[in-house]
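See structure below.
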Amino acid sequence: MSLRLATFNIENLMTRFDFTGFRNQVRQDRVLRLFDIRNEAEYQRLEEARTVAHTDDTRQQSALAIADADADILCLQETDNMAALQAFEYGYLFRMVGNGYRQKYLIEGNDSRGIDVSVLMREETRDGQKIECVDIRSHAGITYRDFDLYAPDLGQGAKPDDRIFKRDCLEMDLRIGGRPLTLYVVHFKSMGPGREGLDGRQSTMPVRRAEARAVRRIIEDRFGKGRTADKAFAICGDMNDYQEKLAIEGDKRSGYRFVPQQEEASALDVFSEDGFAVNPMLRRPVDDRWTLYHSRGPEERHLCQLDYIWLSPSLAERNAKRMPEIIRAGQPFRTLFPPGQEVERYPRVGWDRPKASDHCPIVMELDL
């Protein structure tokens with residue numbers, strides 16, 4: 001009995017317009033800066049037209065990426081609300097996969113922009129096993145004080161009674177053909193601007209480390225500390241951190257070089273350091289584990305894994321010969337691919353946009 005499990009940061013699946021760029025140029029789309037906009041009403045009209053025109057191509061490509069993943073269970077990040085999820089599934093996904101994802105789950109979390117984690121599920125696996133949601137729990141309300149995770153290095157004015165998760169840790173008890181599987185769906189703190197001499201990743205890492213520790217605490221409270229290894233669980237989502245990256249050197253004329261680099265520290269060490277959970281992406285070649293291309297110009301470019309399906313040790317052992325698949329056909333053409341990894345992009349993918357997302361979906365077939 002097998003299950004295809006996927007995770008995908010679908011990137012801003014929104015049902016509303018963002019007009020804050022009129023007063024805050026940092027939030028203003030670059031194309032609108034090319035025009036002389038005389039007042040706020042005109043700005044709003046142009047922003048509405050830009051967003052609608054851009055979104056249709058984007059969501060077609062997002063749906064193509066999800067269709068290629070062909071998952072039985074799909075964990076999503078950056079979903080606005082249930083209305084957005086339903087509209088996307090009916091207007092885009094349904095046209096490509098038919099009556100696939102009738103079960104939809106979303107609980108509003110803590111994100112200041114209102115983007116949440118969500119889950120889409122088929123009613124049955126491809127081999128006809130029933131997929132049931134037995135229970136679902138949000139952990140958005142847990143504070144640093146609750147788990148004794150407050151520390152001064154959290155920064156950004158953090159207080160002991162602040163909520164740990166910047167979005168949520170959505171816990172789902174499932175039965176697949178009668179067999180139990182517990183999912184933890186997360187979207188950790190993003191890498192913000194640097195501060196106090198640290199870059200954006202380092203300065204925000206304490207927050208992600210606290211989130212990872214909280215996820216681990218939730219699992220250990222559930223199954224018993226020291227008794228989690230033989231349970232069937234998976235931690236899925238965009239974790240906004242990495243333990244290694246492919247630094248990109250060179251240029252188009254002289255050729256690009258992709259140099260593997262290990263990070264000294266990562267928030268994800270909380271999961272891996274003592275074998276608490278397994279990252280099956282490590283079964284792929286070192287230059288073929290990436291799910292996101294990061295670039296701030298020619299001086300700062302790398303490929304890295306931000307998107308994960310962490311498996312419990314027993315689930316990883318049961319699937320020791322299986323590797324995650326990475327769907328990269330929705331990546332924009334600015335993404336630099338290591339030699340031999342290039343793929344045929346979806347129709348109308350652009351240099352930077354439209355694209356399916358900044359992130360690549362990952363999917364893994366699991367024997368339960």
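So which residues in region 178-228 are within 23 Å of L5 (Cα to Cα), of a type outside the set (A, V, I, L, M) and touching a strand residue (DSSP E or B) at 6+ places or on another chain (Cβ under 6 Å)?
T182, Y184, H187 - these are the residues of region 178-228 that are within 23 Å of L5 (Cα to Cα), of a type outside the set (A, V, I, L, M) and touching a strand residue (DSSP E or B) at 6+ places or on another chain (Cβ under 6 Å).
Which residues, taken from region 312-344, are in contact with a helix residue (DSSP H, G or I) (Cβ under 8 Å, 6 or more places away or on another chain) and not polar (S, T, N, Q)?
A316, R322, M323, P324, E325, I327, A329, G330
Out of the residues in region 70-87 meeting the condition of being hydrophobic (A, V, I, L, M, F, W, C) and surrounded by 23 or more Cβ atoms within 10 Å (Cβ to Cβ), tell me which one is nearest to E171 (Cα to Cα).
C75
Can you work out which of the residues in region 59-84 that are over 16 Å from the mean Cα position of the chain (by Cα) and among the small types (G, A, S) is farthest from S112 (Cα to Cα)?
The residue in question is A67.
Which is surrounded by fewer than 19 Cβ atoms within 10 Å (Cβ to Cβ), hydrophobic (A, V, I, L, M, F, W, C) and under 24 Å from W290 (Cβ atoms), of V215, V186, V207, V259?
V259
Could you list, in sequence order, all residues of region 1-23 that are over 19 Å from G350 (Cα atoms), open to solvent by 40 Å² or more (accessible area, probe 1.4 Å) and charged (D, E, K, R)?
R16, D18, R23
Test M364 against the stated conditions and say whether it is within 19 Å of D241 (Cα to Cα) and open to solvent by less than 10 Å² (accessible area, probe 1.4 Å).
The answer is no for M364.
If I ask for residues that are within 21 Å of K252 (Cβ to Cβ) and open to solvent by 30 Å² or more (accessible area, probe 1.4 Å), which ones from region 282-302 would you list?
Selection gives D287, H294, S295, R296, P298, E299, E300, R301.
Under 6 Å between Cβ atoms, at least 6 apart or on separate chains: pull out the pairs that start in region 88-105 with a residue that is closer than 15 Å to T125 by Cα and end on any residue that is of a type outside the set (F, W, Y) and in a helix (DSSP H, G or I).
V97/A67; Y101/E89
When region 183-228 is examined, which residues are found to be farther than 17 Å from E263 by Cβ, in contact with a helix residue (DSSP H, G or I) (Cβ under 7 Å, 6 or more places away or on another chain) and of a type in the set (A, V, I, L, M, F, W, C)?
Those that are farther than 17 Å from E263 by Cβ, in contact with a helix residue (DSSP H, G or I) (Cβ under 7 Å, 6 or more places away or on another chain) and of a type in the set (A, V, I, L, M, F, W, C): V186, A210.
Would you be able to tell me the number of residues in region 92-117 that are in a helix (DSSP H, G or I) and open to solvent by less than 30 Å² (accessible area, probe 1.4 Å)?
Total satisfying the criteria: 1.
Does A247 count as touching a residue at least 40 places away in the same chain (Cβ under 8 Å), farther than 16 Å from W290 by Cα, open to solvent by less than 70 Å² (accessible area, probe 1.4 Å) and small (G, A, S)?
Criteria not met by A247.
Looking only at region 44-87, which residues are assigned to a helix (DSSP H, G or I), touching a Ser or Thr at 6+ places or on another chain (Cβ under 6 Å) and over 25 Å from R126 (Cα atoms)?
Selection gives A83, A84.
Whether any residue in region 303-319 is β-branched (V, I, T), open to solvent by less than 20 Å² (accessible area, probe 1.4 Å) and either touching a Pro at 6+ places or on another chain (Cβ under 8 Å) or modelled with pLDDT of 95 or more (or both) is what I want to check.
Yes, there is a match, as at least one residue in region 303-319 is β-branched (V, I, T), open to solvent by less than 20 Å² (accessible area, probe 1.4 Å) and either touching a Pro at 6+ places or on another chain (Cβ under 8 Å) or modelled with pLDDT of 95 or more (or both).
Please go through region 132-173 and give me each residue that is without any contact (Cβ under 8 Å) to a residue 40 or more places away in the chain, in a loop (DSSP other than H, G, I, E, B) and open to solvent by less than 30 Å² (accessible area, probe 1.4 Å), ordered by number.
A140
Among residues belonging to region 24-43 that are open to solvent by 60 Å² or more (accessible area, probe 1.4 Å) and in a helix (DSSP H, G or I), point out the one that is nearest to A87 (Cα to Cα).
Only one residue tops the list, namely R27.
The values are calculated or read from the model by the stated rules, or taken from the named source; none is laboratory data. No experiment lies behind these values; they were computed from the predicted model shown. Here Cβ is always computed from backbone atoms with ideal geometry, including for glycine, and neighbour counts include all displayed protein chains. Note: areas computed on protein heavy atoms with side chains; ligands, DNA, RNA excluded. Shrake-Rupley method; radii C 1.70, N 1.55, O 1.52, S 1.80 Å.
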